[in-house]
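Here the structure is laid out as structure tokens; the discussion comes afterwards.
The values are calculated or read from the model by the stated rules, or taken from the named source; none is laboratory data. Please read all numbers here as calculations on a predicted model, not as lab measurements. All Cβ positions, glycine included, derive from the backbone under ideal geometry; neighbour counts span all protein chains shown.
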Amino acid sequence: MQENDCDVIIVGGGIAGCTSALLLARAGLSVILLERGAQAGSKNSSGGRIYTHTLSQILPDFAQSAPLERRVTQERLSMLTGDSMTTLDHRQTADAACSWTVLRARFDPWLMEQAQLAGAQCITDTQVEGLMKQGNRVTGVRIGDDQLTARAVILAEGANSLLAQRCLASPKPSAENMATGVKEVLALPREKLEERFGLEGDQGCAWLFAGQPTAGKVGGGFLYTHRDTLSLGVVCNLSQLSDSARSLPQMLDNFKQHPALRPLLKQAEVMEYSAHMIPEGGLNALAPLSGDGWLVAGDCAGFCLNAGHTVRGMDLAMMSAQAAAVTLIHAHRKSDFSAASLSLYREHLQRSALWPLMTQYRHLPADLLRSPQAFSRYPQLSADLLHSLFHVGEQPSVPLRRLLWRHARRAGLWQLLKDLRKGARSL
Ligand SMILES: Cc1cc2nc3c(=O)[nH]c(=O)nc-3n(C[C@H](O)[C@H](O)[C@H](O)COP(=O)(O)OP(=O)(O)OC[C@H]3O[C@@H](n4cnc5c(N)ncnc54)[C@H](O)[C@@H]3O)c2cc1C
């Protein structure tokens with residue numbers, strides 16, 4: 001029998017790829033991870049906040065060595081119109097925080113280093129161009145004229161996996177199920193940043209916006225504070241961009257000029273600009289997860305969730321990588337990497353916290369696309385309502401119950417009730 005180059009080849013050195021490499025190498029499997037970027041993270045874009053529940057299971061001492069930026073102690077959600085902002089602002093102690101802001105250009109190389117320390121061989125600057133197959137069985141990867149063979153391959157190449165589409169006949173995700181994001185990293189001296197956002201020590205702010213950033217289209221804006229930089233960006237559903245009067249970069253420029261944001265960004269210098277796809281179709285739009293000799297993890301499989309108040313992709317990538325590693329460790333013990341053996345991946349996912357989460361939000365992507373008013377009319381409604389509430393003139397003020405009734409009727413009472421019902425079901 002022909003000798004394989006290793007037990008498992010992993011395509012992609014992002015969060016899913018590095019996590020599975022670390023766990024498989026730790027279990028004693030021989031692993032080769034291939035990343036097309038000059039270093040891990042160089043091709044990645046992310047808003048910048050990671051929920052650390054799974055990271056702390058895998059690397060309990062992560063806080064001592066990971067290049068973390070700030071612990072998220074401020075959560076803000078804002079609805080923006082062209083000239084107003086309505087914000088929900090929640091502050092918590094550092095002990096209660098469950099997430100950190102990170103810069104992928106620093107975080108991914110660190111995670112790759114952890115995989116290398118565990119024994120994985122990680123090779124950067126190497127793009128996988130195809131999968132090798134014998135019949136339906138995936139037996140390795142092709143890199144230019146070279147070939148590498150393995151008993152199993154994990155595809156962790158991120159959103160819109162070209163290899164899965166080309167070599168495994170995975171369907172191309174529809175525009176409705178994908179979003180695209182643009183992001184800038186802006187430099188701001190640490191003291192200025194802390195003063196402007198009311199932060200001390202390693203406290204950080206995570207801020208999500210709806211309405212003006214996407215000109216009322218389904219999507220939103222985000223801002224995360226790092227040590228002495230900010231991540232600022234806009235994400236918009238791909239199907240909505242085709243009939244949008246503004247391109248995504250124009251949306252970002254406009255967002256930066258909003259009167260509530262402009263003073264916070266004064267003198268901030270652009271250090272990095274990136275654009276990336278995001279799978280947002282949820283549970284109903286997952287890619288085929290496994291087959292003979294292959295598994296798919298992270299964004300590549302569609303494990304990403306934008307629930308409006310939280311954007312989660314990095315922690316879900318880790319959870320799916322964990323389930324993929326457990327499946328392959330089991331397959332290695334049985335010396336069985338067949339489709340039947342690797343189909344256990346779905347069961348491991350279902351047993352993890354990932355599946356209930358995806359199930360909980362399964363209606364959300366479709367419901368959001370059917371409720372564009374949530375991104376256009378409702379920010380205006382809340383701005384009008386609060387303006388009436390806070391405005392004081394010569395006339396006696398209108399009681400709150402009458403204000404609510406008046407604005408609800410103006411927004412369309414029936415539509416409002418339908419959206420509230422839909423929102424309750426989706427969330
Ligand atoms: C603008 C934006 C904001 C976001 N904000 C957040 C956030 O705040 N929090 C959060 O949790 N998630 C966020 N996400 C989602 C998050 O970035 C992803 O869910 C996460 O990065 C998925 O990890 P992954 O390892 O599956 O894929 P990726 O991180 O995309 O990694 C895939 C890797 O594969 C490599 N690769 C691709 N093709 C090949 C090939 N053929 N050969 C070799 N290497 C290859 C790529 O270079 C890349 O390094 C955001 C995403 C975007 C775009």
**Study point:** Considering residues of the range 370-399 that are among the hydroxyl-bearing types (Ser, Thr, Tyr) and touching a helix residue (DSSP H, G or I) at 6+ places or on another chain (Cβ under 6 Å) only, the residue nearest to Gly281 (Cα to Cα)
**Key:** Ser371
Review point. Which pairs do you get when a residue that is assigned by TED's automatic domain parsing to the domain that holds Ser45 and near the ligand (Cβ under 8 Å from one of its atoms), found in the range 306-331, comes within reach of a residue that is among the polar types (S, T, N, Q) and assigned to a helix (DSSP H, G or I), reach meaning Cβ atoms under 8 angstrom, with the pair 6+ apart or on two chains?
Key: Asp315/Thr54; Ala317/Thr19; Ala321/Thr19; Ala321/Ser20
Point to revise | Any hit, the range 284-294, residues being buried (at least 17 other Cβ atoms within 10 Å of the Cβ), within 12 Å of the ligand (Cβ to nearest atom) and over 26 Å from Phe107 (Cα atoms) | key: yes
Revision key, fill the gap. Lys192 vs (1) assigned to a strand (DSSP E or B); (2) touching a residue at least 40 places away in the same chain (Cβ under 8 Å); (3) among the basic types (Lys, Arg): all pass except (1)
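Every residue in the range 222-253 that is part of a strand (DSSP E or B) and either under 17 Å from Met271 (Cβ atoms) or within 12 Å of the ligand (Cβ to nearest atom) (or both), please. Give the steps one after another, and end with the answer.
Initially, the range 222-253 is screened for residues part of a strand (DSSP E or B), giving 222-225, 229-237.
Answer for the range 222-253, where residues must be part of a strand (DSSP E or B) and either under 17 Å from Met271 (Cβ atoms) or within 12 Å of the ligand (Cβ to nearest atom) (or both): Phe222, Leu223, Tyr224, Thr225, Thr229, Leu230, Ser231, Leu232, Gly233, Val234, Val235, Cys236.
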Exercise for review: Give me a count of the residues in the range 123-146 that are buried (at least 20 other Cβ atoms within 10 Å of the Cβ) and away from the ligand (no atom under 11 Å from the Cβ).
Suggested key: 3
